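Reviewing the structure listed below.
Please treat every number below as a calculation from the coordinates, not as lab data. Fair warning: this is a prediction, and the values are worked out from it, not measured in the lab. Virtual Cβ from ideal backbone geometry, glycine too; neighbours counted across all protein chains shown.
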Amino acid sequence: MKWLILILGIAANASASVLVKISMIPPRKFPSLADPLTALVNWPFWLGLGLYGMAFLLYAAALARLPLNVAHPILTSGAVATVALFSIFIFREPFHWTTIAGISLVIAGVVLITARVA
């Protein structure tokens with residue numbers, strides 16, 4: 001159950017980032033003082049904000065079941081790696097060999113940090 005909570009937290013965090021990015025792509029606009037009503041119709045922004053809240057609650061639930069030095073690296077690095085992959089597949093952002101190398105090093109680092117706990 002504790003690992004499912006972490007996976008759901010990673011998914012919520014990464015999905016929130018994707019939705020906030022979508023909310024800033026035209027024709028959508030970032031809410032401003034000049035046109036505050038645009039905030040009301042920008043549903044990806046609000047959904048992303050809600051998912052960030054859910055990710056925080058899942059992180060708190062994971063901390064109740066796992067040590068901080070396990071939960072935090074897994075959740076944050078998992079979200080970083082997932083967002084990097086989403087940016088490639090959803091937004092067609094540039095993909096370089098350094099992206100794979102970076103994700104691999106992050107995963108290796110987390111494995112080393114958490115190896116004795118799992």
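As a test of the formula, what do you get for the chain when each DSSP H run with n ≥ 4 contributes -39,500 (n - 2.57) and the sum is divided by the residue count, at 222 nm and rounded to the nearest 500 deg cm²/dmol?
It lands at -25500 deg cm²/dmol.
Only one residue of G48, T114, A16 has its Cα farthest out toward the positive end of the dipole of the chain, where Lys and Arg carry +1 and Asp and Glu -1 on Cβ, and that residue is T114.
Any idea what the dipole of segment 2-114 comes to, in debye rounded to 20, about its Cα centre with Lys/Arg Cβ at +1 and Asp/Glu Cβ at -1?
On the way: 6 positive and 2 negative charges, 21 e Å.
The dipole of segment 2-114 has a size of about 100 debye.
Taking the charge dipole of the chain about its Cα centre, with +1 at Lys and Arg Cβ atoms and -1 at Asp and Glu Cβ atoms, the residue from I90, A71, S32 reaching farthest to the positive side is A71. For helix 97-114, what angle does its Cα long axis make with the longest principal axis of the chain, in degrees from 0 to 90 and rounded to 10? Orientation of helix 97-114: about 50 degrees from the principal axis. Which of these, S17, S87, S104, has the largest mean-square fluctuation under a Gaussian network model of the chain (Cα springs below 10 Å)? Its mean-square fluctuation being the largest, the pick is S104.
Helix 43-65 against the longest principal axis of the chain: what's the angle in degrees, Cα atoms only, rounded to the nearest 10? Tilt relative to the chain: about 20 degrees. Rg/Rh for the chain stands at 1.06; both radii use Cα atoms, and Rh follows the Kirkwood definition.
Full extension of the chain between I100 and K29 yields a length gain of 22.3 nm, computed as 0.36 nm times the residue separation minus the alpha carbon distance. Please identify, among V80, V41, V106, the residue showing maximal mean-square fluctuation in a Gaussian network model of the chain using a 10 angstrom Cα cutoff. The residue with the greatest mean-square fluctuation here is V41.
If you run the Gaussian network model on the chain, springs between alpha carbon atoms under 10 Å, then out of L19, L58, L105 the most flexible one is L105.
Which chymotrypsin sites (Phe, Trp or Tyr not before Pro) in segment 26-118 pass both tests, a DSSP loop state and at most 12 other beta-carbon atoms within 10 Å? Those that pass, being in a loop and sparsely packed, are F91. The angle between the Cα long axis of helix 2-23 and the longest principal axis of the Cα atoms of the chain comes to about 30 degrees, rounded to the nearest 10.
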